[in-house]
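Bear in mind that the values in this text are calculations on the coordinates, not laboratory data. Bear in mind that the values here come from a model prediction, so they are computed numbers and not experimental data. Please note: Cβ atoms are built from the backbone with ideal geometry, for glycine as well, and neighbour counts cover all protein chains shown.
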Amino acid sequence: MFTKEWLVTNGLGGYASGAVNGANTRQYHGLLVAALEPPTDRTVVVAKIEERVLIDGQHYHISTNQYPKVVFPDGGQYLKNFTVDPNPTWLFADPNWELRKNIQMISGSNTTVLTYTNSGKNPFVLELHPLYAYNDYHTTFHEASRYNFFTELNKDHLKSYPEYGSNPVFTGWTAGHYYEARSWFKNIILSKGKARGLGSVCDYYRIGYLEHELQPGEELILYFTIEEDIVREGIKKNLSLDGQKRRRSNKKFAPGFFKDLMLSGEQFIVHRNSTKSMSVIAGYHWFTDWGRDTMIAMRGLTIATGKKELSKSILNTFFKSVDQGMIPDRFPDNAKDPVHYNTMDATLWLFVASYEYHKKFEDIAFLKDHIKILKNILDQHIAGARYNIHITKEGFIYGGECKVQLTWMDAIVGGKVITPRIGCPVEVNALWYNALKIYENFCQILNADVEARYLELITKFELNFTKFFTNPHGSLYDVIIPGTSQDDTLRPNQIYCLSLPFGVLDNDQQRSILETVENKLYTPFGLRTLNPDNPEYKPNYEGNQWSRDHAYHQGTVWPFLLHEYFKAFFKIYGTSLSNRKKVMLELEPLRQHFYKDNGIHCISEIFNGSNPKEGKGCIHQAWSVAAIIKLYIDYGLDKIEREISTEQEPNLKKN
C-alpha cells in the first residue's frame, strides 16, 4: 500500500494526495496542498492526519508513518477496502468496530474535507491529530524556530499562523472537543522521494487533536482551508453548494472505464489567475501548466468532449500569452518568476488545437478574433524567432542552440541537454506544415486571401519533405540539417507525419513507418522513445535525477503517443468493428494500470522502456489520460465498451 497513491484536486492547481495506506511517501503529498496564486505557488499547508479508534479501552491506530527503522503506526492492517467513486474512500474495521473515511476538495477553493462515518454497530471514540507543514511543495518541511503555529482556538475551528506574517490556516469540525497538545513529529521517511534522489526526510507539527464519541451511523466532518469565508458560511453549506455545482456540470455516463477516465480527466482543468481564464495542469504532482502539454491534452480533455466555452478559455489563455510569435513552454511554479518560452513546437500545436476546436464547434467568431495572431506567429517564424528558429530554403523549420531544449524531448540536467535535436526535427516540421495548411484553411473559411508567400512555402515543403527526410529503410530521419546531416535514430516522432490533420506521405510509406514503429517502439503502455537496439537505449527509468533524465527520452515509454499510433493504425487499416475491438484489447493493460497501480484512477506519465508495467514519473499525466479519452470518443470505443458490458451482464447473473 506504500506504492499506491490517491489524488483529489480543486480546479485551482491545489490538491490532496498520499499513499493509500495513509502514509506520505513524497514531499508533494499532503492533505491540503494549496495553490496560493492559482494554479501555482503550491504550498503544503496540512501534511496528513494521525487517526485512532478507542473502543473497550483499546486504541487502534489507522494511520501510517515510516520512520528510519520502523513503520509506526501501521494502519494498513485495519484497511479492508479502498475505492475512488468519485472521491477516495477508505473502510477500516476490526471485529468490533467499522469506520468509513472520505476525502474531497471543494471545487474552486483551497479546502479539503474529511468525512468520518461510524458504519459499524458499536459506538467508539475517534481521535484525529492533524499534522501541519508550511513549505513550497518542491521542498521538505523541517523543525525551525520561526514555525510557532500561533493559534486562536474557537468552539468549532482553529485559526493558525504557521509563522509570523503568514496567511492563516483554518481547521474546522462539526462535532467533538479539541485539545491542545503541541509537538513535532520528526524524521518521517518519504520513501518515493528517497528513491528519486529528492527530499527523503521531513518533520510535521501537531497543534493538538480532536476527540469525539462517534455513534453508529453518525458522521464527523473535519476540514482544512485557507479561506475564512468557508468557516464563516459553514462547511455543510459549502459542501451542499459544491455538490449541486458538480451534479449540474457532470454528464451522465454509463459506469465503466470511459466514465472513470472522463472524471479523472477533469482533475487537470484549472483556473489561471494571471490571465483570468482556464488552463491545463500537465501532471500531478509537480508540473504546472505547460504550453505543449496543454495544446495536446485539451484535444482529448475538452474539445473531443464537447466543452466549447472551456476549450475557448484555455486557448485564450495561451493566445493572450503569445510573445515574439511563441506561446509559453510553461508557466513558472512561482507566479513572480518569468514565463518560459523555450519551445519550437508548442506554438505550432496551438494551430492544431485551434483547428480541432473549429472542426468541433464551427466557431467563426473565434477564427475572426484570432486569425491575425496566427498570421503574426507564422510571420515571426519566417522572419526568425528565438533560439535560432527560422525557415530553411527547403521550406523546413529549423531551431536550436547549445544548452537549450526546444522539442518535447526536453530533458536537461546539469546544463546538459540529453536529446538536443538541433536542426529540423521531423515532428516539428510536420507541425510546421500543418500550421501553414491550417492557416490556409482558416483563410478559406473566412473568405480571406492567402498571401502567395505562404502558398509558396507549402509547395516548397511538399516538394522537399519526402526527398530530404526519407531514410534508406523507408521510414524517416528523426532530425536533419539539409545538405549537412541526417540523424537516423529510430524514435516515435515520425508517427505525427501519419496522425496530424495534413500530411504529405503516400500510403505505402505511411504503412512502412507504422510497421517500423510497431516492431521496435510499440508497447501496450505507449511508445518507446528509442529503438532498443540503439547503444544509447536505457531500459529503466530509475535512480536520481541525473539517471532519470538520461533515460527520460532514451527508451522510456510514453502513453500519450498511443493516440497518434492508433489513429495511424485506423487510418491505414480502417475502423471496422474488429479493428476497434483489437485496439480495446491492446488498451487492456493500461486500463488495469488505471485501476490498480501507482495512482488509483490515474494514468502515469511514463513507463520503463523494457518490461513496462510499473508507472513512473508523475502518477497522473494530462496527455496520458487525454490520449485515451480522445481515442474512445473519436472511434466510438465507449459504445463498444457499453455493448461488451451489456453482453456480459446476463452471464454474470447466471453465475
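At a glance:
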| quantity | calculated |
| --- | --- |
| Relative contact order of the chain, defined on C-alpha pairs under 8 angstrom at six or more residues apart (%) | 11 percent |
| Residues Arg52, Arg272, Arg196, sorted so that the one with the fewest Cβ neighbours within 10 Å comes first | Arg52, Arg196, Arg272 |
| Relative contact order %, the range 92-155, counting alpha carbon pairs below 8 Å whose residues are six or more apart | 23 percent |
| Residues Asp449, Asp369 arranged by fewest to most Cβ contacts within 10 Å | Asp449, Asp369 |
| Dipole magnitude (debye, nearest 20) for the range 528-655, charges at Cβ of Lys, Arg, Asp, Glu | 340 debye |
| Fewest-first ranking of Arg580, Arg182, Arg292, using other Cβ atoms within 10 Å as the exposure measure | Arg182, Arg580, Arg292 |
| Charge dipole of the chain about the Cα centre (unit charges at C-beta), most positive-ward option of Thr529, Ala133, Asn441 | Asn441 |
| Lys, Arg +1 and Asp, Glu -1 on Cβ, resulting dipole of the range 5-239 about Cα centre, debye, nearest 20 | 580 debye |
| Stretchable slack from Phe2 to Ser240, in nm (0.36 nm times residue separation minus alpha-carbon distance) | 82.4 nm |
| Under 14 Å, Cβ to Cβ, from Ala622 - net charge with Lys/Arg +1 and Asp/Glu -1 | 0 |
| Nonlocal amide H pairs with Leu214, under 5 Å, H built at 1.01 Å | Phe124, Val125, Leu126 |
| 20 °C / 1.002 mPa s Stokes-Einstein diffusion coefficient of the range 174-268, Kirkwood radius on C-alpha pairs, µm²/s | 119 µm²/s |
| 5 angstrom amide H check on Asp94, placed H, neighbours 5+ away | none |
| Estimated [θ] at 222 nm from DSSP helical runs (n ≥ 4, -39500 (n - 2.57)) normalised by residues in the chain, nearest 500 | -10500 deg cm²/dmol |
| The range 445-506: relative contact order in percent, alpha carbon pairs under 8 Å with at least 6 residues between | 22 percent |
| Rough spin-label spacing in nm, given labels placed 7 Å along Cα→Cβ, for Lys194 and Lys359 | 4.9 nm |
| In order through the range 63-76: 3J(HN,Hα) via Karplus (6.51 cos²θ - 1.76 cosθ + 1.60), integer Hz, x for Gly, Pro | 9, 9, 9, 10, 10, x, 10, 7, 9, 8, x, 10, x, x |
| Förster radius 51 Å - calculated FRET efficiency between Lys393 and Asn611 (Cβ-Cβ, nearest 0.05) | 0.65 |
| Net dipole in debye of the chain [+1 Lys, Arg Cβ; -1 Asp, Glu Cβ; about Cα centre; nearest 20] | 640 debye |
| Farthest positive-ward along the chain dipole, Cα basis, beta-carbon charges - from Ala622, Phe2, Gly483 | Ala622 |
| For Cys618, residues with placed amide H under 5 Å, excluding near neighbours | Glu605, Ile606 |
| FRET E, pair Asp506, Asp337, Förster distance 60 Å, beta-carbon r, rounded to 0.05 | 0.80 |
| Cα→Cβ-extended label distance, 7 Å offset, between His142 and Glu451, nm | 5.7 nm |
| Charge tally in the Cβ shell below 13 Å around Lys375, where Lys, Arg are +1 and Asp, Glu are -1, Lys375 excluded | -2 |
| Percent of alpha-carbon pairs separated by more than 36 Å within the chain | 41 percent |
| With 5 Å bins from 0: P(r) over the range 5-239, alpha-carbon pairs, percent | 1, 7, 15, 19, 21, 19, 12, 5, 1, 0 |
| Gain in span if fully extended, Ile382 to Asp634, counting 0.36 nm per residue against the direct Cα distance | 87.3 nm |
| Dipole of the chain [Lys/Arg +1, Asp/Glu -1 at C-beta], most positive-end residue of Val517, Tyr284, Gly217 | Gly217 |
| Residue-span extension gain [Glu309 to Leu577] - 0.36 nm each, minus C-alpha spacing | 93.2 nm |
| Helix runs (DSSP H) in the chain reaching 15 Å along axis by Cα, Kyte-Doolittle at least -1.0 | 308-319, 346-361, 364-383, 426-445, 452-469, 561-573, 622-634 |
| Cα shape, the range 263-647, gyration tensor, a/c 1.5 rule | rounded |
